[in-house]
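The values are calculated or read from the model by the stated rules, or taken from the named source; none is laboratory data. None of these values were measured; they are calculated from a predicted model. A quick note on method: Cβ atoms are made from the backbone with ideal geometry, for glycine too, and the neighbour counts reach across all protein chains shown.
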Amino acid sequence: MTATIDAGLRWEPACTVDRLMPERGVAVLLGEQQVAVFLTHDGAVHAIGNIDPFSGAAVLSRGLVGDRAGVATVASPVYKQVFDLQTGRCLDEPTVSVPVYAVRARGGTIQIGLP
């Protein structure tokens, strides 16, 4: 699991742990927030905004998961920009990023930390 800081976050259930498949994303709607949740090959879970900032489409959960120089990434299925799963920064256009969410597993459920 990705390390998180719990202070001040409201933890919302996203999906069950068994719903996650390595190198695949799951789209989750938490109130108004669209979140893409990923399980990487090393067992880490990441959560970023699901909206592709270049196309405006809610598609990042359907992107291609991989890595670039050891950094876990997802490539948008629309225009193929690559995003760092830890920071949300676009590796192809560093001035653009997507939100990153704290994530944890509790009792078989993946939870997303919202402010």
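Annotations
Quick grid of which residues meet (1) touching a Ser or Thr at 6+ places or on another chain (Cβ under 9 Å); (2) closer than 24 Å to Pro115 by Cβ:
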position	(1), (2)
Leu29	no, yes
Gln33	no, yes
Val37	yes, yes
Thr40	no, no
Gly43	no, no
Ile51	no, yes
Ala57	yes, no
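- Against the conditions (1) at pLDDT below 95; (2) polar (S, T, N, Q); (3) farther than 16 Å from Leu9 by Cβ, Ser61 satisfies every one except (1).
- Selection within the stretch 95-115 - within 17 Å of His41 (Cα to Cα) and either among the small types (Gly, Ala, Ser) or in a loop (DSSP other than H, G, I, E, B) (or both): Ala105
- Cβ-Cβ under 6 Å pairs, at least 6 apart or on other chains, the stretch 32-46 side in a loop (DSSP other than H, G, I, E, B), far side among the small types (Gly, Ala, Ser) and at pLDDT 95 or above: Thr40/Ala72
- Of residues in the stretch 67-94 being of a type outside the set (D, E, K, R) and not in a loop (DSSP other than H, G, I, E, B), the one surrounded by the fewest Cβ atoms within 10 Å (Cβ to Cβ): Val71
- Per-region count, the stretch 18-66, residues surrounded by fewer than 21 Cβ atoms within 10 Å (Cβ to Cβ), acidic (Asp, Glu) and under 16 Å from Val98 (Cβ atoms): 1
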